[in-house]
Amino acid sequence: MMVSLSRFGDQLRFDALPGGMRSVQCYALDAATLAGPFGTVKHEALVGLRKATDRALSMATEIRITCANGTDVSGRAPPNTPPADTTCARFPLSVFSPILARGFSGKVALPRFLTGTGARYYDPFTVALPAGVFVHFTHGRLIKFSGPDEGVRRADAHYDFVAGRYGLDRDSIHSWHAGIHPGCNFTGNIERSFEAWSGSAFGNPRILHFHTCGSVPPGEISWNVIDATIEADRIPLWKGGVFQPTLLPDGARILDNSPDLLRVFASPERAIGL
């Protein structure tokens with residue numbers, strides 16, 4: 001077994017290891033985080049929660065994603081496509097399985113930056129944007145950016161740069177998912193390390209992100225939606241960035257059987273570096 005405590009292991013999270021070796025990627029940034037609620041909630045409870053979330057979203061006839069800044073995306077998970085995740089085991093487990101984006105269309109309000117997914121590191125890894133930049137897409141394909149002219153120019157140039165550097169399908173949007181771990185947080189300001197932020201904060205339920213710029217998971221550029229509402233057949237599983245697991249079939253039973261997870265949901269972490 002290989003246990004990785006660095007982002008190098010995370011870069012291999014979609015690769016099969018030789019000889020059937022098992023890989024575990026640890027997403028705790030430091031010992032205090034590992035020893036706190038993020039690292040000590042019973043792993044089996046989070047596995048059950050992810051499975052329940054995967055089932056609810058995969059069976060929904062319509063999923064809608066909105067946010068207060070104007071995000072409005074709708075669609076459904078591709079039928080007869082089982083959820084797929086990384087080849088490594090995530091610890092702590094903090095996201096549901098990615099949902100393929102080809103069944104979704106709409107617009108996403110970008111939070112004043114574009115940053116990488118951590119699959120590769122390039123410079124600049126992050127591009128600052130003015131407020132009010134939106135990205136529009138149809139059936140998993142980027143159509144255009146809109147908003148302030150300078151923001152549109154920067155976003156387009158960044159996509160041209162990253163796609164050109166690695167020979168990627170520039171406008172492909174691979175998938176999306178959101179955080180499910182109420183004990184995940186990011187203290188301090190995001191600007192202290194966008195690389196660390198992109199590899200850790202995504203497990204907080206306040207963050208939903210799309211994997212874009214490339215048809216091979218997880219793409220190279222992420223779109224982050226802050227405090228999203230995610231409705232599955234009009235049931236708000238997330239509301240303004242608050243995950244409501246009791247609205248999942250079997251969600252209440254999972255929490256009843258895991259008092260430590262129930263306690264963290266009663267007082268979730270809100271710090272995400274923004």
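The values are calculated or read from the model by the stated rules, or taken from the named source; none is laboratory data. Note that the coordinates shown come from a computational prediction; the quantities given were computed from them, not determined experimentally. Cβ atoms come from the backbone with ideal geometry, glycine included; neighbour counts cover every protein chain shown. The accessibility values were calculated without ligands, DNA or RNA, using every heavy atom of the protein model including side chains. Shrake-Rupley method; radii C 1.70, N 1.55, O 1.52, S 1.80 Å.
The strands (runs of 3 or more DSSP E) located wholly in the range 65-180 that include 1 or more residues which are within 24 Å of GLY273 (Cα to Cα) and in contact (Cβ under 8 Å) with a residue 60 or more places away in the chain occupy 89-91, 104-109, 113-116, 126-128, 134-138, 173-178.
If you check HIS158, HIS136 for being more than 30 Å from ASP30 (Cα to Cα), open to solvent by 40 Å² or more (accessible area, probe 1.4 Å) and either in contact with a Lys or Arg (Cβ under 9 Å, 6 or more places away or on another chain) or not charged (D, E, K, R) (or both), only one passes: HIS136.
Please determine, by comparing only the residues of the range 16-29 that are open to solvent by less than 80 Å² (accessible area, probe 1.4 Å) and in a loop (DSSP other than H, G, I, E, B), which one is modelled with the highest pLDDT. Here the answer is TYR27. Of everything in the range 216-238, what is under 17 Å from THR115 (Cα atoms) and among the hydroxyl-bearing types (Ser, Thr, Tyr)? Give them in sequence order. Selection gives SER222 alone.
ASN69 fulfils the conditions (1) surrounded by 15 or more Cβ atoms within 10 Å (Cβ to Cβ); (2) under 23 Å from PRO245 (Cα atoms); (3) modelled with pLDDT of 80 or more except for a single criterion, (2). Taking the numbered list (1) at positive phi; (2) surrounded by fewer than 20 Cβ atoms within 10 Å (Cβ to Cβ) in turn, TYR166 passes all entries but (1). For the range 247-268, the set of residues classified as in contact with a helix residue (DSSP H, G or I) (Cβ under 8 Å, 6 or more places away or on another chain), open to solvent by 40 Å² or more (accessible area, probe 1.4 Å), under 25 Å from ASP227 (Cβ atoms) and part of a loop (DSSP other than H, G, I, E, B) consists of PRO249 only. So which residues in the range 191-202 are outside any helix (DSSP H, G or I) and buried (at least 24 other Cβ atoms within 10 Å of the Cβ)? Within the range 191-202, SER200 is the sole residue that qualifies.
Here is a list: PRO205, PRO218, PRO236. Which entry is in a loop (DSSP other than H, G, I, E, B), modelled with pLDDT of 95 or more and under 19 Å from the mean Cα position of the chain (by Cα)? The unique qualifying residue is PRO205.
Answer yes or no: is there a residue in the range 6-15 that is modelled with pLDDT of 75 or more and not in a loop (DSSP other than H, G, I, E, B). No, the conditions are met nowhere in the range 6-15. Only residues that are open to solvent by 10 Å² or more (accessible area, probe 1.4 Å) and not small (Gly, Ala, Ser) were counted across the range 222-242, and they come to 10.
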